[in-house]
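Inspection log for the structure reproduced underneath, given as structure tokens.
Each reported figure results from applying straightforward, stated rules to the coordinates on display, with no laboratory input. Since this is a predicted model, take the numbers as computed values, not measurements.
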Amino acid sequence: MRTIADGPMPALPRPGPSMAVALATPEREEDEAEPEIAAEPPLTRAAFAYMEARAGLDGPGYFAACANCSHFVPESFMRGAVRGDRCQLFGSNFPISDDDGCNSYMPWPDGTPCQHCVSHAAEKMVAGCRGSVSPWSVGYAANTRRVCATCRQFDAEESECRFFERLNQTCPTVFMLDTKIVPPARCSAWSAIPEMDDG
């Protein structure tokens, strides 16, 4: 045992926050079991808002384009008060076209626009409705059919999505994505095919 005759006692380190927590935390009983963490089910294509054309409801020409979206307000419904088509989400000050597209595409449930709903939306556009989202925040693209056939990740020969396949391979515990595509189809991970460089 050390005494004063042995010389000065070495200074003990002051307890820091981690030491204080360790001292205040009671030791776990050996038989106390660790809580089990429930495994999350793997993500499917729904995580990317993947959708295929509904037989008899969605025409292939405008599938996933503004013309078939329930947010679309055609110029004809605004009776000359507003020039150009509009989107309820983007508001009165942002003109769009029927073949534009974005990730907030929402088709009519039965494939047919509700005339009453569109008329009501047109009244709001004429009155100067503010947008609820920025077009760019939902991936808006002008004059682009945002469908798998125009996506850089689409393998036309196999009719499969290379992006979904890559996610399945790199994160198998997170994703279980069906890679088979049935055109016309679309999802929010759409990316444009880069233009060929002439040089």
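Take the Cα gyration tensor of segment 65-144, multiply each eigenvalue by 5, square-root it, and list the three semi-axes largest first, rounded to whole angstrom.
Largest first, segment 65-144 gives 17, 15, 11 Å.
Between segment 68-89 and segment 116-192, what's the alpha-carbon centroid distance in Å?
That distance is 21 Å.
Could you derive backbone 3J(HN,Hα) for segment 106-111 from the dihedral phi with the Karplus parameters 6.51, -1.76 and 1.60 (θ = phi - 60°), listing whole Hz in sequence and x where the residue is Gly or Pro?
The phi angles translate into 9, x, 5, x, 9, x Hz.
So what is the relative contact order of segment 65-144, in percent, for Cα pairs below 8 Å that sit 6 or more residues apart?
The value is 40 percent.
With θ set to phi - 60°, apply the Karplus curve 6.51 cos²θ - 1.76 cosθ + 1.60 along segment 73-79 and write out the HN-Hα couplings as whole Hz, x wherever there is a Gly or Pro.
10, x, 4, 4, 6, 9, 6
Using only the Cα atoms, work out Rg/Rh for segment 46-199, with Rh taken as the Kirkwood radius, to two decimals.
Values: Rg = 17.2 Å, Rh = 16.8 Å.
Here Rg/Rh amounts to 1.03.
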